[in-house]
Amino acid sequence: MLRKVRLASAVALAGTLITGLFTVRAAGAAAEAMIPTLVSPTASTEFISRPIIQALPQAGTEAEEGDNLAAAHAGSLDALVDAQPTGQNLSDEMRCLAGAIYFEARGESLEGQLAVGRVVVNRSKSGRFPSSYCGVVYQPSQFSFVRGRSMPAVRTSSSDWHEAVAVARIADQGMWRSEATGALYFHAARVSPSWRLTRLARVDNHIFYR
């Protein structure tokens with residue numbers, strides 16, 4: 001009798017152990033199913049390219065593009081001229097550029113002065129003329145105000161000179177688009193030379209060509 005009781009107890013204990021084992025496994029499987037799969041161990045990592053910074057604009061071949069930030073803030077050529085520094089510490093090159101504007105277009109509109117200044121700038125970059133502003137201005141038989149290798153005296157205290165200096169800075173840095181974009185030549189409107197050139201525009205008292 002005692003032997004039967006012991007056998008029954010052993011069978012009951014074994015059943016309890018087997019039931020507990022299956023319960024633990026089931027609970028583990030359920031817990032594992034609740035954990036989200038973050039990264040598949042067999043999947044390769046992929047990155048999505050999504051640019052968030054605007055590409056820089058391509059620089060133009062000339063400063064005539066007129067997309068300088070200073071111009072965008074100024075709103076007009078008059079305002080841009082007024083915003084230029086008033087100091088007169090000019091390099092020789094800038095003095096030559098301002099001198100050409102002063103003697104060729106003094107008293108004309110700012111657009112007319114800028115167009116003259118851009119001709120000097122364009123020539124210096126063209127490869128067909130001297131590569132410096134002074135070289136362009138003092139090239140023989142190009143500018144009527146030049147006397148040999150010098151220009152007449154300038155009244156540097158005058159408003160006309162200050163304006164010419166400001167326009168020269170704008171032309172040099174390409175801050176504003178000229179009405180005669182790309183011009184390399186000009187003449188006074190009162191004369192009619194027989195030039196076989198492409199006419200671009202008339203601005204005030206000058207006609208511009210390339």
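The numbers here are math on the coordinates, done by the rules we state, and not lab data. Given the structure is predicted, the values throughout are model-derived calculations rather than measurements. Cβ coordinates were reconstructed from backbone atoms using ideal geometry, including for glycine residues, and neighbour counts include every protein chain displayed.
Structure notes:
- Charge dipole (debye, nearest 20) of segment 101-210; +1 at Cβ of Lys and Arg, -1 at Cβ of Asp and Glu: 460
- Ranked by the mean number of other Cβ atoms within 10 Å of their residues, highest first, the peptides 111-117, 76-82 fall in the order 111-117, 76-82.
- Net length available on complete extension from residue 201 to residue 187 is 3.9 nm, with 0.36 nm assigned per residue and the Cα-Cα distance removed.
- Shape category assigned to segment 139-184 from the gyration tensor of Cα positions, a/c cut at 1.5: oblate
- Cα gyration tensor, segment 93-202 - rounded (a/c under 1.5), prolate or oblate: rounded
- Trypsin sites (Lys or Arg not before Pro) restricted to DSSP loop in segment 110-149 with at most 15 other C-beta within 10 Å: 128, 149
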